[in-house]
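Peer 1: Sharing a structure with you now.
The values are calculated or read from the model by the stated rules, or taken from the named source; none is laboratory data. Being a predicted model, the structure only gives us computed values, none of them experimental. A quick note on method: Cβ atoms are made from the backbone with ideal geometry, for glycine too, and the neighbour counts reach across all protein chains shown. Just so you know, the surface numbers come from the protein's heavy atoms only, side chains and all, with ligands and any DNA or RNA stripped out. Shrake-Rupley method; radii C 1.70, N 1.55, O 1.52, S 1.80 Å.
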Amino acid sequence: WHRHDDLKEMLDSNKDSLKLEAMKRIVAMIARGKNASDLFPAVVKNVACKNIEVKKLVYVYLVRYAEEQQDLALLSISTFQRGLKDPNQLIRASALRVLSSIRVPIIVPIMMLAIKEAASDMSPYVRKTAAHAIPKLYSLDSDQKDQLIEVIEKLLADKTTLVAGSVVMAFEEVCPERIDLIHKNYRKLCNLLIDVEEWGQVVIINMLTRYARTQFLSPNQNESLLEESTEKPFYGSEEEDAKDTKAEAASLAKRKPYVMDPDHRLLLRNTKPLLQSRNAAVVMAVAQLYFHLAPKAEVGVIAKALVRLLRSHSEVQYVVLQNVATMSIKRRGMFEPYLKSFYIRSTDPTQIKILKLEVLTNLANETNISTILREFQTYIRSMDKDFVAATIQAIGRCATNIGKVRDTCLNGLVQLLSNRDELVVAESVVVIKKLLQMQPAQHSEIIKHMAKLTDNIQVPMAGASILWLIGEYCEHVPKIAPDVLRKMAKSFTNEEDIVKLQVINLAAKLYLTNSKQSKLLTQYVLNLAKYDQNYDIRDRARFIRQLIVPTEKSGALNKYAKKLFLAQKPAPILESSFKDRDHFQLGSLSHLLNAKAVGYQELPDWPDEAPDPSVRNVEVPEWTKCTSREKRKEKVEKPFYSDSEGESGPTESADS
């Protein structure tokens, strides 16, 4: 506290050197995470100080604490307004930043006026700050939307790279649906993109991805049409009437070769160099743009850049692998050459290991499956139990997707049943159960082998899976099934709820198929279940008793008991959890969570017919046209020329 008194004295002194020293110490305190809010009255007095260096540091402090000490900040509002007229651009920007940090509805008109003035400022830095203030004002008072859109429209026309990223961010926050504001600025944004600061690049690329999905045709649309056209005969019969001829002509018109819009090509061409960016977020943004917008033949260029990011730290790896896991379902061939980059290191964190497993499973095909399975065998010996469980699930998925290795995988999983680790055994049982459902008749030996495990298995889910299998395929193991029921009836009261339910199911199925051996056992199990503590089990027991044991009261359902219990059940489909995520924009929070997050902008579907491309043409003043024409005559040897406005000329479209 004494030290703070000392700082207050220094701030009240007449010497600028003392004030500067005090402010340096206060800003250093804030940087170390210490609370300096009690100094607010002493600091805010110095906002009118003549010394530029002191003034800058005072504004740094005020930006940090203006929101917490709103009443005191309001007292100095006239000083901030004077700061907006300061000759130094940094002071003007800082004054606007502090003003937009005071979140009190009463000063909304003052903020609005300040933002409008700053949007016309000579300094691009102040205009950038104005763009940052727009979302703050919008969150304070959404009724100002129309006026703010006018400011955004004005700032979107700005030709400087400093402003571009910030104004697109404001556009995304305030009016992302007003796509008409982008038309005239589209080419300029594409051409400025390479020079915008990195976070601005990310925002612009994400916005342009959505813009392109509404304005251009899908570059992959003709593939399905081509497939259809190969099946149809080329020549029709001579008796065809005029209607058929018209239909033929219409389908031919549909099948005309796809020509990419020059503006679509401009976007792909100008984002491609950013795959070399040092910032992982920029590389990811370009990757998602190519995945959502590029022709299939060109998407491959992003694979190498994404694989390069796997050498970064684990947070980056996690996001990259989330996206690769989604991409590798639709575009498997793209990542196949880099298979070894997804092999798992013992030092990887668990969540990275599980995502790499996901990618390896997606990339598995008949040619590389033996390599991948050998890799999986080493992973099963890992000490990381969650990872081992995920590996066993991955083996199950490989077995379902690639028929020729199904038996190999099953035998490998059966060997794991003698593992000392309970979790490994439990996970293997669950996966084997799913695989056996595909062809149970061939595998009665495995079912017998699993029946022997019922005594030792401690994990409830695994025990329940074994009991379900024995009940479902009791005709394949007619001698063993009643014996398993006898053992389970002994220990029924000590079992977990999930196991008890499966014991009741097993009893019911045996009663229907082999009542001679299991009638008394079934009644015993149902009587135990009738007085169980869990109401689900009591309820199931009453329901099953009415269904399978014929009495005078039992209704028509009794006749259909066999059909109900022993119906053919479809085998489960083991598929990737990333299967349907590609309808979310890759790299977004919604894609990461696989659920629509607040503020998420939907990725639009491609239009059936391309909207008018002339909306992106920019009218260039007469004198500019003249000079650009002369320049073109001088520089004929140059293959590509485009002025700063991104004016669409014949050379540009020819180049594309």
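Peer 1: Would you calculate a helix-derived [θ] at 222 nm for the chain, using -39,500 (n - 2.57) for each DSSP H run of n ≥ 4 and dividing by the full residue count, to the nearest 500?
Peer 2: Using -39500 (n - 2.57) per qualifying helix, the result is -19000 deg cm²/dmol.
Peer 1: What number results when the radius of gyration of the stretch 396-518, computed over Cα atoms, is divided by 2.2 N^0.38 Å?
Peer 2: Rg over 2.2 N^0.38 Å, computed on Cα atoms: 1.03.
Peer 1: Kindly flag which residue pairs out of LYS154/LYS272; LYS434/LYS516; LYS530/LYS563; LYS296/LYS434 have an alpha-carbon separation exceeding 27 Å in this structure.
Peer 2: Cα-Cα > 27 Å for LYS154/LYS272; LYS434/LYS516; LYS296/LYS434; rest within.
Peer 1: Next question. Restricting things to Cα coordinates, could you compute the convex hull volume per residue of the stretch 440-574 in Å³?
Peer 2: In the stretch 440-574, the Cα hull volume divided by residue count equals 121 Å³.
Peer 1: Going by average Cβ density within 10 Å per residue, which order do the peptides 598-606, 504-512 take, highest to lowest?
Peer 2: The most tightly packed comes first, giving 504-512, 598-606.
Peer 1: For the stretch 391-419 and the stretch 138-206, what is the centre-to-centre distance using only Cα atoms, to the nearest Å?
Peer 2: Between the Cα centre of the stretch 391-419 and that of the stretch 138-206, the gap is 52 Å.
Peer 1: On average, how much accessible surface per residue is there in the chain, in Å², for a 1.4 Å probe, leaving out ligands, DNA and RNA?
Peer 2: That works out to 52 Å² for each residue.
Peer 1: Something else about it: I need the phi-derived Karplus couplings for the stretch 168-177: 6.51 cos²θ - 1.76 cosθ + 1.60, θ = phi - 60°, integer Hz, Gly and Pro marked x.
Peer 2: With coefficients 6.51, -1.76 and 1.60, one gets 5, 4, 4, 4, 5, 6, 8, 9, x, 7 Hz.
Peer 1: Going from the alpha-carbon gyration tensor of the chain, what semi-axes, largest first and in whole Å, does one get by taking the root of 5 times each eigenvalue?
Peer 2: 63, 40, 24
Peer 1: Once you have the alpha carbon radius of gyration of the stretch 1-141, what is it after dividing by 2.2 N^0.38 Å, with N set to its residue count?
Peer 2: Output field value: 1.03.
Peer 1: For the chain, which whole-number percentage of the solvent-accessible area (1.4 Å probe, protein heavy atoms only) is attributable to carbon and sulfur atoms?
Peer 2: Answer for the chain: carbon and sulfur cover 53 percent of the accessible area.
Peer 1: Compute the separation of the alpha-carbon centres of the stretch 482-534 and the stretch 296-315 and state it in Å as a whole number.
Peer 2: Taking the Cα centre of the stretch 296-315 as reference, the centre of the stretch 482-534 is 55 Å away.
Peer 1: Report the Cα centroid-to-centroid distance between the stretch 580-612 and the stretch 58-113 in angstrom, as an integer.
Peer 2: Spelled out, the Cα-based centre of one part sits 38 Å from the other.
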